[in-house]
Structures are given as C-alpha cells and as structure tokens.
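Accompanying notes for the structure given below.
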Amino acid sequence: MSSDIDYLDGNAAAGEMSKIFVMDVTAAEGQCAHCGTKKRFAEAHVYMRGPGVVARCVVCGQVLLRLATVRQRVFLDARGMTYFCLDLGYEGGRISSNR
Ligand SMILES: [Zn+2]
C-alpha cells in the first residue's frame, strides 16, 4: 500500500528552525498571507526533500515559509505569513506561571 502524502507536519522543521529561533517555533501561531487562516506552525505541511525546508498552509497550500542553509548562511523567507507569533510563556506544552 502506498501513500500520496509527501509532507510532514511542522514539528519536523523544528531542528532546522532552531538555527535561527531560540524558542520552539512549532508552538508559534502564524497567519497565512494568502487565505488568512491562523494555525499553529506545527500544523503546517512541511516539505524537506529539497535543499531546504518549505512549509505550506494546511488550508490553501500556499508557501508560508522557506528556510535554506547555504554554507555558513541561513536564509529565511516568511513573506507567506502575515505574522508569526511566538509565546514567551510556552514551555513545551504548558504555559509558564512566572511571567
Ligand atoms: Zn492559506
């Protein structure tokens, strides 16, 4: 039995994203610049078979974010998102009480 699914969820990009974000981006919320959907990054469809990482909107399929590492430089293209919101109180599934 074969599957046509060739993407992973946003959690798969956590390692690559940690090159530029200190915080866990999989818990971050973003808004698709194309269709306006607001979702956690972990829900995005992530493609990692190319030279970099491409995250696509789970609703409309448009590119949300591209990340590529070329030698010592990391390129981030996030123009597919209206915003990308990281929660300072998020600690691996629970919200910190000492804000
Ligand atoms: Zn969308």
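None of the figures in this text is laboratory data; all of them are computed from the coordinates on show. Given the structure is predicted, the values throughout are model-derived calculations rather than measurements. With ideal geometry, Cβ positions are generated from the backbone for all residues, glycine too; neighbour counts draw on all protein chains shown.
Of the strands (runs of 3 or more DSSP E) that lie entirely inside segment 1-85, those containing 1 or more residues that are in contact with an Asp or Glu (Cβ under 7 Å, 6 or more places away or on another chain), surrounded by fewer than 16 Cβ atoms within 10 Å (Cβ to Cβ) and not charged (D, E, K, R) span 81-85. Among the criteria (1) near the ligand (Cβ under 10 Å from one of its atoms); (2) in contact with a Phe, Trp or Tyr (Cβ under 9 Å, 6 or more places away or on another chain); (3) farther than 14 Å from Y7 by Cα, the one T26 does not fulfil is (1).
Filter segment 51-81 down to residues that are β-branched (V, I, T) and more than 10 Å from the ligand (Cβ to nearest atom) and give me whichever is nearest to K38 (Cα to Cα).
V54
If you check Y7, Y47 for being touching a His at 6+ places or on another chain (Cβ under 8 Å) and more than 13 Å from the ligand (Cβ to nearest atom), only one passes: Y7.
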